[in-house]
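Below is one structure, written out as structure tokens, with a few remarks after it.
The values are calculated or read from the model by the stated rules, or taken from the named source; none is laboratory data. No experiment lies behind these values; they were computed from the predicted model shown. Every residue, glycine as well, gets a Cβ built from its backbone with ideal geometry; the counts of neighbours run over all protein chains shown. The area values use the complete protein model at the heavy-atom level, side chains included, leaving out ligands, DNA and RNA. Shrake-Rupley method; radii C 1.70, N 1.55, O 1.52, S 1.80 Å.
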Amino acid sequence: MDMKKKDLLLIVSASMLVLFTVLAVTGLINWWVLPRGSETTVGFLVSLRHFLRDIHEWAALFFMIFAGAHLWLHKDYILNNWNRYFGKKSSAE
């Protein structure tokens, strides 16, 4: 594996870690901390909930894009193992 691919994998993996952390934090805050829209009048907490939901949705989109890039960068490994386990069996086996 050349250095450019290693550097790209590091960037993609680190970005996925950051995005997953953002997803976890915003999801847990919205789920456990902030009140539902029907439980309070319009105010700061409802606005914060909607803001965090937007952040959560955008982070999820970018996470899926980076996950696709991660799989693409590992395509040789994935294909080699796929062929190893599910490829054509030789007649000797």
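Details
For every residue, the table says whether it meets (1) farther than 21 Å from I11 by Cα; (2) assigned to a helix (DSSP H, G or I); (3) modelled with pLDDT of 90 or more.
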{"residue": "V42", "(1), (2), (3)": "yes, no, no"}
{"residue": "F51", "(1), (2), (3)": "yes, yes, yes"}
{"residue": "W58", "(1), (2), (3)": "no, yes, yes"}
{"residue": "I65", "(1), (2), (3)": "no, yes, yes"}
{"residue": "N81", "(1), (2), (3)": "yes, yes, yes"}
{"residue": "S90", "(1), (2), (3)": "yes, no, no"}
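- Being in contact (Cβ under 8 Å) with a residue 40 or more places away in the chain and surrounded by fewer than 16 Cβ atoms within 10 Å (Cβ to Cβ) is a condition met by at least one residue of the range 18-36.
- Entry remark, the range 40-87: residues being open to solvent by 100 Å² or more (accessible area, probe 1.4 Å) and farther than 26 Å from F20 by Cβ number 7 in total.
- When residues of the range 1-17 are limited to those that are without any contact (Cβ under 8 Å) to a residue 40 or more places away in the chain and of a type in the set (A, V, I, L, M), the one most open to solvent (accessible area, probe 1.4 Å): M1
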